[in-house]
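**Student:** Structure in structure tokens, see below.
The values are calculated or read from the model by the stated rules, or taken from the named source; none is laboratory data. Here the structure is a predicted model, which means the values were calculated and not measured. Note that we place each Cβ from the backbone using ideal geometry, even for glycine, and neighbour counts take in every protein chain shown.
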Amino acid sequence: PRKIIIDTDPGQDDAVAILLALASPEDIDLLGITAVAGNVPLELTAKNVRIVCELAGKPETKVFAGCDKPMHRKLVTAEHVHGKTGLDGPPMDDPTMPVQEQHGVDFIIETLRNEPAGTVTLCPIGPLTNIATAFERAPDIISRVQEIVLMGGAYFEVGNITPTAEFNIYVDPEAAKIVFDAGAPLTVMPLDVTHKALTTKTRIDAFRAMKTKVGDHVAAWTDFFERFDMEKYGSEGAPLHDPCTIAYLIAPQLFQGRQINVEIETGSDLTLGMTVADWWRITDRPKNAMFMKDIDAAGFYALLADRLARL
Ligand code: BDR
Ligand code: CA
């Protein structure tokens, strides 16, 4: 199994990503989960991670709190999408499992230094503050990263928080720039992929049909999420963004993309946080990212249903 750290700001779709990882021990060795401020403030994301681990019956999972605000900006949140708690939908109890004392950034640095080089994958599914802070503070860890597989950015689908920016990149564009420029192997799941991974009614019903606590929660979360996107896009189903990263680690054949150059806009107010993706390879700027574009959505939902039913 691949050793990974999930860096996250739950978020209903983050929750499903965490559950998919916890349900897949033959593929994924989850070393720890670091929470970051994003969809909701850090206090809530750190709490939500633990709610999800307890729901999965894995209270022994190591959970760390990381940065409570972007590197150089004020935090922008997304309660309009995820609700006040970040995990609105089903009723939930407060978690009882602990948050580790160590800061999430220190955990990332320490883990990359202690594990053999090239054996730890980072899966950021929120703003990139924790990862970039770790890289800035300990540049020696960058060459030890096996791969970064993140959800963020967009090219053909352009933006979801501004006309030209995707939320995770927009919230901390300076951090995103550090991560995209770092030189570590990078795989990106942009809106171009996730807007094809839609939660249709049949797919949500499959979660409910599991007749488990996890199945009921995932159905309620995706129902809640869907409400927003139905209103917004008028499409059937909402994108289930973040689990695409974990699905890629389990079943890379579900995804297709291109190795290209991607730059992050940090200067312009108008296009702040835009992922300027050289999809057509117009420039000779160095290729720094495997930028995904297509997903086998049926295969992705089949994987989710199969794995989540185990919990
Ligand atoms: C990303 O933003 C968050 O709202 C989701 O959890 C996902 O990580 C999608 O733009
Ligand atoms: Ca997220």
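**Student:** Are any residues in the range 29-39 over 22 Å from HIS195 (Cα atoms) and either within 14 Å of ligand 2 (Cβ to nearest atom) or buried (at least 24 other Cβ atoms within 10 Å of the Cβ) (or both), and if so, which ones?
**Tutor:** Matches in the range 29-39: ILE33, THR34, ALA35, VAL36, ALA37.
**Student:** Any residue at all in the range 51-63 that is part of a loop (DSSP other than H, G, I, E, B), within 14 Å of ligand 2 (Cβ to nearest atom) and crowded, with 24+ Cβ neighbours inside 10 Å? Outline the logic, then answer.
**Tutor:** Taking the range 51-63 as the starting set, the residues that turn out to be part of a loop (DSSP other than H, G, I, E, B) are 56-62.
This time we only want the ones that are within 14 Å of ligand 2 (Cβ to nearest atom), so: none.
No, every residue in the range 51-63 fails to be part of a loop (DSSP other than H, G, I, E, B), within 14 Å of ligand 2 (Cβ to nearest atom) and crowded, with 24+ Cβ neighbours inside 10 Å.
**Student:** Here is a further query. Every residue in the range 292-307 that is closer than 18 Å to ASP27 by Cβ, assigned to a helix (DSSP H, G or I) and hydrophobic (A, V, I, L, M, F, W, C), please.
**Tutor:** Our first condition is that a residue be closer than 18 Å to ASP27 by Cβ; within the range 292-307, this holds for 295-296, 299-307.
Checking which are assigned to a helix (DSSP H, G or I) leaves us with 299-307.
Result: PHE300, ALA302, LEU303, LEU304, ALA305.
**Student:** Applying the selection to the range 63-102, what residues are of a type in the set (Lys, Arg) and under 24 Å from THR133 (Cα atoms)?
**Tutor:** Of the range 63-102, the ones of a type in the set (Lys, Arg) are 69, 73-74, 84.
The answer is LYS69, ARG73, LYS74.
**Student:** Could you give me the residue pairs with C-beta distances under 7 Å whose first residue belongs to the range 124-144 and is of a type in the set (Asp, Glu), whose second residue is at pLDDT 95 or above wherever it lies, and which are 6+ apart or on separate chains?
**Tutor:** Pairs that qualify, where the first residue is of a type in the set (Asp, Glu) and the partner is at pLDDT 95 or above, are GLU136/ILE178.
**Student:** Still on this structure, I have one more. Look through the range 184-203, keep the residues that are more than 20 Å from the chain's Cα centre (by Cα) and touching a residue at least 12 places away in the same chain (Cβ under 8 Å), and return whichever of them is farthest from MET151 (Cα to Cα).
**Tutor:** Checking each candidate, the answer is LYS201.
**Student:** Here's another thing I want to ask about it. Can you find a residue in the range 120-135 that is within 16 Å of ligand 1 (Cβ to nearest atom), farther than 17 Å from THR266 by Cβ and of a type in the set (A, V, I, L, M)?
**Tutor:** Yes: one or more hits.
**Student:** Let me ask something else. Given the criteria touching a Phe, Trp or Tyr at 6+ places or on another chain (Cβ under 8 Å) and hydroxyl-bearing (Ser, Thr, Tyr), does THR194 qualify? Full working, then the answer.
**Tutor:** Numbers: touching a Phe, Trp or Tyr at 6+ places or on another chain (Cβ under 8 Å): no; hydroxyl-bearing (Ser, Thr, Tyr): yes.
Answer is no for this residue.
**Student:** Regarding GLY257, is this residue among the small types (Gly, Ala, Ser) and either under 25 Å from THR8 (Cβ atoms) or within 16 Å of ligand 2 (Cβ to nearest atom) (or both)?
**Tutor:** On the way: among the small types (Gly, Ala, Ser): yes; either under 25 Å from THR8 (Cβ atoms) or within 16 Å of ligand 2 (Cβ to nearest atom) (or both): yes.
It is true that GLY257 is among the small types (Gly, Ala, Ser) and either under 25 Å from THR8 (Cβ atoms) or within 16 Å of ligand 2 (Cβ to nearest atom) (or both).
**Student:** Report yes if ILE204 is within 30 Å of PRO286 (Cα to Cα) and either within 16 Å of ligand 2 (Cβ to nearest atom) or out of contact with any Leu (no Cβ under 8 Å at 6 or more places or on another chain) (or both), otherwise no.
**Tutor:** Details: within 30 Å of PRO286 (Cα to Cα): no; either within 16 Å of ligand 2 (Cβ to nearest atom) or out of contact with any Leu (no Cβ under 8 Å at 6 or more places or on another chain) (or both): yes.
No; evaluated as a whole, the condition is false for this residue.
**Student:** Inside the range 114-156, can you point out the residues that are part of a loop (DSSP other than H, G, I, E, B) and either within 16 Å of ligand 2 (Cβ to nearest atom) or touching a strand residue (DSSP E or B) at 6+ places or on another chain (Cβ under 6 Å) (or both)?
**Tutor:** Of all residues in the range 114-156, those part of a loop (DSSP other than H, G, I, E, B) come to 115-119, 125-128, 138, 152-156.
Scanning the range 114-156 gives GLY118, THR119, ILE125, GLY126, PRO127, LEU128, GLY152, GLY153, ALA154, TYR155.
**Student:** Within the range 1-28, how many residues are under 19 Å from VAL99 (Cα atoms) and either more than 16 Å from ligand 2 (Cβ to nearest atom) or among the hydroxyl-bearing types (Ser, Thr, Tyr) (or both)?
**Tutor:** 2
**Student:** Right, here's the next one. Quick check on THR194: is it polar (S, T, N, Q) and closer than 16 Å to ILE108 by Cβ?
**Tutor:** On the way: polar (S, T, N, Q): yes; closer than 16 Å to ILE108 by Cβ: no.
No: the conditions fail for THR194.
Each row is one residue, and each column tells you yes or no for (1) over 25 Å from LEU22 (Cβ atoms); (2) surrounded by fewer than 18 Cβ atoms within 10 Å (Cβ to Cβ).
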| position | (1), (2) |
| --- | --- |
| ALA117 | yes, yes |
| CYS123 | no, no |
| GLN146 | no, no |
| TYR170 | yes, no |
| LEU198 | no, no |
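**Student:** Can you name the residue in the range 81-113 that is assigned to a loop (DSSP other than H, G, I, E, B) and among the acidic types (Asp, Glu) and, of all such residues, is farthest from ligand 2 (Cβ to nearest atom)? Break it down into steps so the answer makes sense when it comes.
**Tutor:** Within the range 81-113, the subset assigned to a loop (DSSP other than H, G, I, E, B) is 83-103.
Those left that are additionally among the acidic types (Asp, Glu): 88, 93-94, 101.
Details: ASP88: 14, ASP93: 22, ASP94: 21, GLU101: 24 Å.
In this case the residue turns out to be GLU101.
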